[in-house]
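Computed from the coordinates by the stated procedures, all read-outs in this text should not be read as laboratory data. Since we're looking at a predicted model, the values are computed, not measured. Cβ placement follows ideal geometry from the backbone for every residue including glycine, while neighbour counts extend to all protein chains displayed.
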Amino acid sequence: MRRARAAGRAARLVGGLGGPARAELATYAYSEETLPITLSDGRHVDAVSYVMRRDHSQYVGQLGISEQARIIARAVGGRGPNADYLFNTTRHLAQIGVADPVLDLLAREVRALIEPGG
């Protein structure tokens with residue numbers, strides 16, 4: 001019985017990935033991969049991750065932060081402004097204790113472009 005309950009929780013979790021998975025994979029710019037991670041308590045687990053395909057036409061890894069910020073500041077998709085997505089991401093990462101200085105810098109630059117007086 002214990003194994004069945006655990007399997008049920010896992011199935012609900014995987015089933016819950018449908019929305020984000022569809023959003024991230026809609027243009028085939030990302031590949032869904034299961035990658036090994038280390039948790040803060042030292043355990044090693046596998047995590048579903050979305051990894052940008054560098055061979056995709058939407059990959060722009062060569063752009064500098066300022067150019068990325070200019071694009072994000074004015075980009076709007078089917079789910080709203082790209083800036084909102086960026087700000088929500090950086091806020092959530094901070095809430096869970098994940099530091100991403102480059103993403104934080106990008107968010108600051110975007111905010112300076114879109115806020116009055118910025």
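Looking across the range 46-91, the residues that are loosely packed, with under 10 Cβ neighbours inside 10 Å and either touching a Pro at 6+ places or on another chain (Cβ under 8 Å) or among the small types (Gly, Ala, Ser) (or both) come down to SER57, GLY61, GLY64, GLY78.
Within the range 50-96, being within 24 Å of THR34 (Cβ to Cβ) and without any contact (Cβ under 8 Å) to a residue 24 or more places away in the chain holds for VAL51, MET52, ARG54, ASP55, GLY61, TYR85, THR89, HIS92, LEU93, ILE96.
Okay, residues lined up against (1) of a type outside the set (Phe, Trp, Tyr); (2) in a loop (DSSP other than H, G, I, E, B); (3) more than 15 Å from ILE114 (Cα to Cα):
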| residue | (1), (2), (3) |
| --- | --- |
| SER49 | yes, no, yes |
| SER57 | yes, yes, yes |
| ILE72 | yes, no, no |
| THR89 | yes, no, yes |
| ALA94 | yes, no, yes |
| GLY97 | yes, yes, yes |
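Among the residues of the range 93-116, the ones that are basic (Lys, Arg) and over 20 Å from ARG74 (Cα atoms) come to 0 in all.
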